[in-house]
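Asker: Attaching a single structure in structure tokens format; questions to follow.
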Amino acid sequence: MGYEAILVFFIAGVFLVVFANFLSNLISHKSDNKSKQDPYECGVETIGPTWVQFKVGYYLFAVLFLLFDIEVAFLVPWAVVFKEMGTVALIEILVFLFILGLGL
Amino acid sequence: MTTVFMLLHMAILIGVVVGAVAYYTYAERKVLGAMQRRQGPMTVGPFGLLQPLADGIKLISKETIIPAQANGPVFVLAPMLTFTLALIAWVVIPVNAKLVLADINVGILYLLAVSSMGVYGVVMAGWASNSKYAFLGGLRSASQMVSYEVSMGLVIVCVLLCAGSLNLSEIVLADRPFLMQVLLFPMFIVFLISILAETNRAPFDLPEGESELSGGFMVEYSSMTYALFFLGEYANMILMSGMTTVLFLGGWLPPFCNRVSP
């Protein structure tokens, strides 16, 4: 199959990006001003700690995404063989979706 | 011989994608200007056509600033990951029957996997920049991308029901009666909205809104790293448009023509 093309393309992509960064490093003119490395906060000194507390809502989002992505991963092979299997497949997938809907 | 052909195909693909991305930035500026009753870039070449070239040279020749106490390796790796992923997803998009770099039988799954990995780049960028704005912007952007991934996946399942194979060439060549095309039209609308949210474009561009979060997760990125993020985002956009065409609009065939029976 064409998997070797993916590998070669990946290596070519990585090489291109590394080359671009290297070129930028070579030909850029580095400034001497040491305050260029301060974090940006609209021009003033930063107030408070920088790594603020992580809201748990984002974690819940990620977990819900995980659940529904696994569900999609189960639906994909079903969708591929649906045409050959007919009504039996429909009833089985309705059972699966019903169980998932109960979970919701 | 086939290796030479494959390498030539790859070089042409990279060249075309990067060129298209560069000129999409120009087209966006021109169209935005026209919508606001002004001309976009006009001075650089004839009608400003060499503007992307000038932008590229400017971005390469500026210094890449790594903030103090930012996590150095992760900071540099995030834009590289974003651009590389946006680039390698192009190997499965067919331009003619079997004229595709990687004719793999799990093409759709590969595209879903690559776009799911794109979230890594955003989260790494937001966390590694030592900045509150970047951190929150990165988390918001990642949540948005991830939630519309699910929506994209479900719409793709609908298309797979009509096509019967995960191979993108087979999806284009699958027989679709007219009724199926009509019923897939709402899915087309849903997919359009999902890819707008996936690539952080308007009206879903709050995570990188310049006035709300002063640049979101990209706030600490300067020259080449910023260019890589920008290129990666636009390449992702064109890739999602390509996916829409392959899934719904008939790929390399004229739209609504991929059916054997009327």
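Derivation of every value follows stated rules applied to the coordinates shown; laboratory data play no part. Everything numeric in this text was worked out from a predicted model, so none of it was measured. Don't worry about glycine lacking a Cβ; one is built from the backbone with ideal geometry, like all the others, and counts go over all protein chains shown.
Asker: For the stretch B:1-61, what does the convex hull of the Cα positions come to per residue, in cubic angstrom?
Answerer: Convex hull of Cα atoms, per residue: 92 Å³.
Asker: Membrane-span-like helices in chain B: DSSP H runs reaching 15 Å or more (Cα, own axis), mean Kyte hydropathy at least -1.0? All intermediate terms of the calculation are to be shown ahead of the outcome.
Answerer: Working: long enough: B:2-35 (47 Å, 1.31); B:72-88 (25 Å, 2.01); B:107-128 (32 Å, 1.60); B:132-163 (46 Å, 1.22); B:178-198 (29 Å, 2.30); B:224-248 (35 Å, 1.21).
The qualifying helices are B:2-35, B:72-88, B:107-128, B:132-163, B:178-198, B:224-248.
Asker: Okay, moving on. Residues of A:66-79, mean number of Cβ from any other protein chain within 10 Å of their own Cβ, rounded to a whole number?
Answerer: Average per residue, whole number: 5.
Asker: A follow-up question, please. Using label points projected 7 Å from each Cα along Cα→Cβ, tell me how many nm separate A:Ile70 and A:Leu16, to one decimal.
Answerer: Between A:Ile70 and A:Leu16, the simple spin-label model gives 3.7 nm.
Asker: Report the residues of the stretch B:74-107 in range of a label on A:Tyr3: point 7 Å along Cα→C-beta, backbone N strictly under 12 Å from it.
Answerer: Zone members listed by number: B:104-106.
Asker: Same structure again: Could you give each residue of the stretch B:168-173 its phi-based ³J(HN,Hα) in whole Hz, using Karplus coefficients 6.51, -1.76, 1.60 with θ = phi - 60°, and x for Gly or Pro?
Answerer: Couplings: 5, 5, 5, 5, 5, 8 Hz.
Asker: Still on this model: Rounded to the nearest 0.05, what FRET efficiency is calculated for A:Met85 and B:Ser61 with R0 set to 56 Å and r the Cβ-Cβ distance?
Answerer: Between A:Met85 and B:Ser61 the formula returns 0.40.
Asker: Let me check the size of the stretch B:68-249 from its C-alpha atoms; what are the radius of gyration and Dmax in Å?
Answerer: Rg then Dmax for the stretch B:68-249, in Å: 17.4, 60.
Asker: Per residue Cα convex hull volume for the stretch B:1-143, in cubic angstrom?
Answerer: Dividing the Cα hull volume of the stretch B:1-143 by its residue count gives 186 Å³.
Asker: Another one. Could you pull out the trypsin sites (Lys or Arg not before Pro) across the stretch B:81-144 that fall in loop regions by DSSP (anything but H, G, I, E, B) with no more than 13 other Cβ atoms inside 10 Å?
Answerer: Those satisfying the criteria are B:Lys98.
Asker: Provide the FRET efficiency to the nearest 0.05 for the B:Lys98-B:Leu183 pair, computing r from the beta carbons and using R0 = 35 Å.
Answerer: 0.80
Asker: Would you mind checking which residues have amide H under 5 Å from B:Asp103's amide H? H placed 1.01 Å from N; only 5 or more apart, or other chain.
Answerer: Sorted by chain and number, the residues that satisfy this are A:Gly2.
Asker: Quick check on my link table: of A:Lys30/B:Lys30; B:Lys58/B:Lys132; A:Lys30/B:Lys58, which ones sit more than 25 Å apart, alpha carbon to alpha carbon?
Answerer: Violating the 25 Å Cα-Cα cut-off are A:Lys30/B:Lys30; B:Lys58/B:Lys132.
Asker: How large is the direction-averaged shadow of the alpha-carbon convex hull of the protein assembly as shown, in nm²?
Answerer: In nm², the orientation-averaged hull projection of the protein assembly as shown is 22.1.
Asker: Then there's this: Give me the dipole magnitude in Debye, nearest 20, for the stretch B:68-249 about the Cα centre, with unit charges on the beta carbon: positive for Lys and Arg, negative for Asp and Glu. Don't skip to the end; give the middle numbers.
Answerer: On the way: 5 positive and 11 negative charges, 28 e Å.
That gives the stretch B:68-249 a dipole magnitude of about 140 debye.
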